[in-house]
1. Show log10 I(q)/I(0) for the range 59-116 at q = 0.19, 0.22, 0.23, 0.29 Å⁻¹, two decimals, from a solvent-free Debye sum over equal Cα scatterers.
2. Amide H of N252 versus every other amide H placed in the peptide plane: which residues, excluding those fewer than 5 positions away on the same chain, fall under 5 Å?
3. With everything on Cα atoms, drop me the angle between helix 132-145 and the longest principal axis of the chain, reported from 0 to 90° to the nearest 10.
4. To test your reading of the geometry: what angle, between 0 and 90 degrees and rounded to tens, separates the Cα axis of helix 223-233 from the longest principal axis of the chain?
5. Can you pull the one-decimal nm distance between simple spin-label points at V170 and K22, each 7 Å off the Cα toward Cβ?
6. Give me the extension gain from E35 to A119: residue separation times 0.36 nm, minus the current Cα-Cα distance, reported in nm with one decimal.
7. Tabulate in residue order the Karplus-calculated ³J(HN,Hα) for the range 237-243, using 6.51 cos²θ - 1.76 cosθ + 1.60 with θ = phi - 60°, rounded to whole Hz; enter x for Gly and Pro.
8. Could you tell me how many degrees, from 0 to 90 and to the nearest 10, lie between the Cα long axis of helix 194-206 and the main elongation axis, the longest principal axis, of the Cα atoms of the chain?
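None of the figures in this text is laboratory data; all of them are computed from the coordinates on show. Here the structure is a predicted model, which is why all the values come from computation and not from measurement. With ideal geometry, Cβ positions are generated from the backbone for all residues, glycine too; neighbour counts draw on all protein chains shown.
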Amino acid sequence: MNVAIIGCGYVGSAIAQHWQQKTALIVTATTTTPERIPALQALAQRVLIVQGNDTEALKSILKNQDAALLSVAAKQSSSYEETYLQTAYALVSALKQTPSVQQLIYTSSCSVYGEQHGALVDEETPIAPTTANGRILGETEQVLLSASSENLRICILRLGGIYGPGRELVKIYQRLAGTTRPGSGQEPANWIHLDDIVAAIEFARRHRFQGIYNLVDEDNLTNAEVAARVCELHNLPLVVWDSSLSSQRPYNAKVSNQKIKDAGYQFIHPYMLFD
Ligand SMILES: NC(=O)c1ccc[n+]([C@@H]2O[C@H](COP(=O)([O-])OP(=O)(O)OC[C@H]3O[C@@H](n4cnc5c(N)ncnc54)[C@H](OP(=O)(O)O)[C@@H]3O)[C@@H](O)[C@H]2O)c1
């Protein structure tokens, strides 16, 4: 089988490596950065420079592919509109002309749930993004889902905050240690380890998932609890929360992972790794 990874950064590289080393899949990876080609060539059989909004380039890489993974993330120099939405439109257009592709998996974000006042949400819950970028992520999902057909399964994995090797929690939280943060810190944290992202993408591919699946671990900790545990473990000054200020977090929802568990997925790290 041939599989193309459009956007091969932290997540894309990890799954490329998994597919290349642990399965018989032939991997094509894309980047927008010529300097990254040598590193990606160690993880994929074919590496190409592709801008997500280039329908012709997408058509050319999708030719003869059986499945594709879309895992782009906006750089500081570009907008969500360009990175996610324009890529989604171009990809849907390219997929119409590349009938060999039977499944597209897209790594979306739980932030599309937006303001749910901390309530438990599942894949049936209407999304309520509160920011312009959150709305673009929601629209991106809709554009991609609109390409679903008898021959093409579209699977959206809504990821929680990503951590793992190289993106350890301590690296993320040491910037915040000892500072005062707006809000109470009581929002559900919703994290997911890179190992589970890789395993769930492969599970979704093997079981030909169609539709939306949340991907967050079992821990149910709040932001304040995660921050406190990381700071205590690494002897960092604690984060102070100021409830008189409103939180800057773009979403407040306790995300259910029941659907993916019901489909048979078993978490590698159901509880967060703090060290
Ligand atoms: N970070 C989080 O905590 C989090 C939480 C929830 C969901 N997610 C989602 O998880 C996914 C993977 O994130 P990540 O951490 O792996 O991202 P990442 O390391 O920043 O990698 C993103 C990749 O997208 C590529 N890219 C950026 N703009 C592009 C464009 N216009 N056209 C084509 N490719 C483009 C980059 O290309 P280059 O190779 O040129 O750099 C890079 O390979 C993203 O879809 C993100 O939305 C992330």
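1. Normalising to I(0) and taking log10 leaves -0.76, -0.92, -0.97, -1.20.
2. G114, E115, Q116, H117, G118
3. It is inclined by approximately 40 degrees.
4. Here the helix axis deviates by roughly 80 degrees.
5. For V170 paired with K22, the spin-label model returns 2.6 nm.
6. Fully extending the segment from E35 to A119 adds 25.8 nm.
7. Karplus-based 3J(HN,Hα) across the range 237-243 equals x, 5, 6, 9, 9, 10, 5 Hz.
8. Approximately 40 degrees, to the nearest 10.
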